[in-house]
Amino acid sequence: MATYEYACPGCGSFDVRLALGTAPATRECPVCGRECRRVYSAPALTRTSPTVRASREREEQSRETPEVVSEVPPSRRAARRPHPALARLPRP
Ligand SMILES: [Zn+2]
């Protein structure tokens with residue numbers, strides 16, 4: 001499905017969703033019934049956020065050339081120290 005835009009001389013523009021390649025050059029206005037011309041406008045392209053784009057690129061690269069490791073990689077998180085108050089607790 002694609003969105004096609006038509007311009008009515010009296011009512012303005014309106015959109016119609018049709019199957020790809022089936023849009024006629026003219027269409028009847030849904031409001032006043034006049035014959036309307038099809039208008040060519042920019043497609044509704046959206047920009048992908050940098051985080052999502054980086055994730056997709058990493059996934060695609062991993063699919064093509066996966067990174068092979070011989071051992072489990074070290075954790076990226078900093079080593080967690082126990083809370084200092086825990087040292088003061090009585091031990092059995
Ligand atoms: Zn109209």
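The values are calculated or read from the model by the stated rules, or taken from the named source; none is laboratory data. Everything numeric here is computed off the predicted structure, so don't read it as measured data. Counting neighbours? That spans all protein chains shown, and the Cβs are built from the backbone with ideal geometry, glycine included. We work out accessible area using only protein heavy atoms, side chains counted, and drop any ligands, DNA or RNA first. Shrake-Rupley method; radii C 1.70, N 1.55, O 1.52, S 1.80 Å.
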Practice prompt. For residue 53, state whether it is of a type in the set (Lys, Arg), within 29 Å of the chain's Cα centre (by Cα) and outside any strand (DSSP E or B).
Written response: yes
Worksheet item: Quick check: is even one residue across segment 58-81 touching a helix residue (DSSP H, G or I) at 6+ places or on another chain (Cβ under 8 Å) and either away from the ligand (no atom under 16 Å from the Cβ) or part of a loop (DSSP other than H, G, I, E, B) (or both)?
Response: no
Discussion item. Would you confirm, using the coordinates I've provided, whether residue 5 is more than 16 Å from the ligand (Cβ to nearest atom) and not basic (Lys, Arg)?
Written reply: no
Worksheet item: What are the pairs, 6+ residues apart or on separate chains, where a residue within segment 1-21 that is assigned to a loop (DSSP other than H, G, I, E, B) has its Cβ under 7 Å from a residue that is away from the ligand (no atom under 16 Å from the Cβ) and open to solvent by 80 Å² or more (accessible area, probe 1.4 Å)?
Response: 1/17; 19/1
Discussion item. Which residue is farthest from the ligand (Cβ to nearest atom), if the candidates are limited to segment 22-50 and must be among the charged types (D, E, K, R) and either assigned to a strand (DSSP E or B) or without any contact (Cβ under 8 Å) to a residue 12 or more places away in the chain (or both)?
Written reply: 47
Worksheet item: Could you count how many residues in segment 28-52 are of a type in the set (D, E, K, R), modelled with pLDDT of 90 or more and open to solvent by 80 Å² or more (accessible area, probe 1.4 Å)?
Response: 4
Fill in: Criterion (of a type in the set (Ser, Thr, Tyr), in contact with a strand residue (DSSP E or B) (Cβ under 6 Å, 6 or more places away or on another chain) and surrounded by 10 or more Cβ atoms within 10 Å (Cβ to Cβ)) met by exactly one of 62, 13
13
